[in-house]
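Notes follow once the structure below has been shown.
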Amino acid sequence: MAPPITEIERIVGRKVRRDISRLVAFAQGNLERAAQSIADHPSPHIGIVCGFFVRHAEPPSPETDGLNGMGQLAAGFIEAGIPVTVITDAPCAKAVWAVTGVLPGRVALEVVSVDSDAVRSLRGRLESAEQPLTHLIAIERCSLGADGRAHREHGWDISDDTAPLDYLFEDDGWSSPWTTIGIGDGGNEIGMGLLPREIVEEDIPNGALVAARTGADHLIVSGVANWGAYGLLGAVASLRPDLAPCLLKHFHAQSEHDVLTAAVTIGQAIDDSRVDRLGQLQMTIDRLPLDDHVEIIESITAVLSQSS
């Protein structure tokens, strides 16, 4: 049997609809390195960036992908006694706040306006905090592209709806004091700037336009972005068996249902937004039913059970 984290990486990197196998292959090994950076830290403080706003939806709202990943990571870290700060922008605030409301404990929630000055101001406050971040994780968060604008996969410019939270990861004349981790599934998310540009341009529709310019210390590519977050939680649990019962306490079907319910019914998160159809309020993530995401969680927990 493959080592646990290798098997987890295989589970979360499985193909959904589009072929991102070259993206997954390039990022291979990053899941373990990202998890190790958390597992080895004596006093981690985890920041989680999420929220992907879609104006082309009924109602205009962030999509469900990224929210459950944040919820599962935050729940596990909270139970393990690790402080968590969740970061988003104003258009995504309601949905992100809704998810924080069903977590097993409190997180700090930072919301910025859609403005580069606001992002840099937040960055200064995070750097000077009494307990600064040690890690910053972006889950399905749109990156700036080569043209300095944020784009959806269709090529639409969404900069007016998207704060450049990239500047918490990279900025001219500034170096990140925290370890950065990017999780995505489409080539246009924060972290994907690590990829060779030709892979995104050749394998992703509109890749030349939407390809992310913002990288990260570690890049996790998964079939659905949330799955990469689930894989990261499982990998940290594999490396820290002493914390595993706490990290995985809420890593199950009921918690996944509760987070998605809060995101959709309270936060009005949407899914299935395409060029030819407005996104809708529905209990799906990346057009996949809840059971498919629960299956990923159960597959990861089965790997961890077999290796313990």
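The values are calculated or read from the model by the stated rules, or taken from the named source; none is laboratory data. As the structure is a computational prediction, the values presented were derived from the model and not from experiment. Virtual Cβ from ideal backbone geometry, glycine too; neighbours counted across all protein chains shown. Only protein heavy atoms, including side chains, enter the accessible area calculation; ligands, DNA and RNA are left aside. Shrake-Rupley method; radii C 1.70, N 1.55, O 1.52, S 1.80 Å.
As an exercise, use a Förster radius of 35 Å and the Cβ-Cβ distance of Leu109 and Asp203 to find the FRET efficiency, rounded to the nearest 0.05. Don't skip to the end; give the middle numbers.
Details: r = 35 Å, r/R0 = 1.01.
The computed FRET efficiency comes out at 0.50.
Based on the alpha-carbon gyration tensor of the stretch 209-272 and its eigenvalue square roots a ≥ b ≥ c, which shape applies: rounded if a/c is under 1.5, prolate if not and a/b is larger than b/c, or oblate?
Oblate, because a/c is 1.5 or more while a/b does not exceed b/c.
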Roughly how many Å is it from the Cα centre of the stretch 54-68 to that of the stretch 256-308, as a whole number? 13 Å
Row for the stretch 143-228, column shape: gyration tensor on C-alpha, a ≥ b ≥ c, rounded if a/c < 1.5 i.e. under 1.5, prolate if a/b over b/c, else oblate; value oblate
Two pseudo-spin positions, 7 Å from Cα along C-beta at Ser175 and at His154, lie apart in nanometres by 4.2 nm
Could you calculate the contour length gain from Gln131 to Val294, that is, 0.36 nm times the residue separation minus the distance between their Cα atoms, to one decimal place in nm? 55.3 nm
I'd like the distance separating the alpha-carbon centroids of the stretch 82-99 and the stretch 189-214, in whole Å. 26 Å
Per residue, how much accessible area does the chain show when a 1.4 Å probe rolls over the protein heavy atoms, in square angstrom? 38 Å²
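Would you please classify the overall shape of the stretch 4-301 from the alpha carbon gyration tensor, given that a ≥ b ≥ c denote the square roots of the eigenvalues, rounded means a/c under 1.5, and beyond that prolate means a/b larger than b/c while oblate covers the rest?
Cα axes put the stretch 4-301 in the rounded bin.
In whole percent, and with a 1.4 Å probe on the protein chains, what portion of the accessible area of the chain is carbon and sulfur? The partial results should precede the final answer.
Details: 5740 of 11810 Å².
For the chain, the apolar C and S fraction of the accessible surface comes to 49 percent.
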Taking the Cβ of Phe251 as the center, what net charge do the other residues with Cβ under 12 Å away carry, scoring Lys and Arg +1 and Asp and Glu -1? -2
For the pair Ser305 and Gln280, what calculated FRET efficiency results from E = 1/(1 + (r/R0)^6), where r is the Cβ-Cβ distance and R0 = 35 Å, to the nearest 0.05? 0.45
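All other residues with a Cβ under 11 Å from the Cβ of Ile300 taken together, and with Lys, Arg as +1 and Asp, Glu as -1, what is their net charge?
Working: positive: Arg10; negative: Glu7, Glu9, Glu295, Glu298.
With Lys, Arg at +1 and Asp, Glu at -1, the net is -3.
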Can you give the accessible area of Ile297 in Å² (nearest 10), computed on protein heavy atoms with a 1.4 Å probe? 0 Å²
